[in-house]
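To start, the structure itself, in structure tokens.
The values are calculated or read from the model by the stated rules, or taken from the named source; none is laboratory data. The model shown is predicted, which means the values in this text are computed figures rather than measured ones. Positions of Cβ are backbone-derived with ideal geometry, glycine not excepted, and every protein chain shown enters the neighbour counts.
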Amino acid sequence: MITKMTHVSIYVLDQGRAYDFYTNKLGFKVITDVPMPGGDRWLTVSPPEQPELELILSPVTRTIFSKESVKALTELIKDGAFGVGLFTSNDIFATYEELNAKGVVFTKVPKKEFYGTEAIFKDDSGNWFSLAQLN
Amino acid sequence: MINEPYPKIYLYRRLVQAKLFIDNNYADNIDLDNIADEAWFSKFHFIRKFKSTYRYTPHQYLTYVRLEKAMELLKAGLPVSSVCYSVGFESLSSFSRLFKRAAGITPSEYIARHQKIKAHMAESPLTFIPGCFASRNGWLKN
């Protein structure tokens, strides 16, 4: 049986900028940051209380994609085509205020929904995430 | 910026300001006694709210931030005494005691451990990442 998810890829437009966003703005922890052959960098971060889930910050420009795919992916990410996931907070209003003060872009302010209170923000590339305090 | 009112928005803003004040000024000799300002009904109420939001009292949170920064600097290989003072501790002995309590090892042991990990990373980077990703990115050929 499958037991856990430990790694998930997030495609970002600029790895250095994403590093700054995820660590300094969101407050995530760097789990692995290793230089790879050919000048690549393997970079994973985790939400502060979930070190067992590593978000791989993968640059879209990594050579596994064709030039056309990189271009298409870049446009889609910028356009906000990808909703990557949901992060939870123990106090969504405080988290919202903090991220807002740090310049994180919200497309939805905290609002009560059926399942809890939810806001939506974008990372520095354009990927969007739900921020929720579940009921 | 979108502004939509929700319950006690000004209290949340003050709470976040206090947290960010610690985040930005941890290296200085900051006075936490005045961190709960007049917006709060009482200092006790403020500290209780701070703790329920950030898991620590303001004082504990300041120590936590200092220790986290210290770990970052020690990982980068800076000497223990300069790290101690640059993150805001005033004595080496209290720094070492608090560090050991948080990390389980002394600052010097922490440096040694991370130097070892760094050397291992430089020598065999592929042992740190799942093989499927290494293969897909073409890193296994080298």
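Could you identify the single residue in A:Leu13, A:Leu26 that is within 21 Å of A:Leu73 (Cβ to Cβ), surrounded by 15 or more Cβ atoms within 10 Å (Cβ to Cβ) and more than 11 Å from chain B (Cβ to nearest Cβ)?
A:Leu13
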Based on what the data block shows, is A:Phe114 free of Cβ contacts under 8 Å to residues at least 24 places away in the same chain, more than 21 Å from B:Asn24 (Cα to Cα) and facing another protein chain (nearest Cβ under 9 Å)?
no
Report yes if some residue within the range A:89-99 is at pLDDT 95 or above, more than 30 Å from B:Gln115 (Cβ to Cβ), away from chain B (no Cβ under 13 Å) and more than 12 Å from the chain's Cα centre (by Cα); otherwise report no.
no
Using the structure shown, decide if B:Asn34 is at pLDDT below 95 and within 17 Å of the chain's Cα centre (by Cα).
no
Does the range B:37-56 include one or more residues that are touching a Ser or Thr at 6+ places or on another chain (Cβ under 9 Å) and small (Gly, Ala, Ser)?
no
Report the residue count in the range A:37-70 for those that are more than 13 Å from chain B (Cβ to nearest Cβ), assigned to a helix (DSSP H, G or I) and not hydrophobic (A, V, I, L, M, F, W, C).
3
Subset of the range B:103-142 (residues that are farther than 30 Å from B:Leu92 by Cα and either outside any helix (DSSP H, G or I) or among the hydroxyl-bearing types (Ser, Thr, Tyr) (or both)):
B:Ser124, B:Thr127, B:Ile129, B:Pro130, B:Ser135, B:Asn137, B:Gly138, B:Trp139, B:Leu140, B:Lys141, B:Asn142
Scan the range B:79-88 and tell me whether some residue there is within 14 Å of another protein chain (Cβ to nearest Cβ) and under 30 Å from B:Asp28 (Cα atoms).
no
Pairs needed: first member in the range B:42-70, closer than 17 Å to B:Lys8 by Cα; second member anywhere, surrounded by fewer than 19 Cβ atoms within 10 Å (Cβ to Cβ) and of a type in the set (D, E, K, R); C-beta distance under 6 Å; at least 6 residues apart or different chains.
B:Thr53/A:Asp91
Among the residues that make up the range A:33-55, is at least one of them over 19 Å from A:Asp123 (Cα atoms), of a type in the set (A, V, I, L, M) and surrounded by 13 or more Cβ atoms within 10 Å (Cβ to Cβ)?
yes
Scan (1) in contact with a helix residue (DSSP H, G or I) (Cβ under 6 Å, 6 or more places away or on another chain); (2) exposed (fewer than 13 other Cβ atoms within 10 Å of the Cβ) for the single condition A:Val8 breaks and write down its number.
(1)
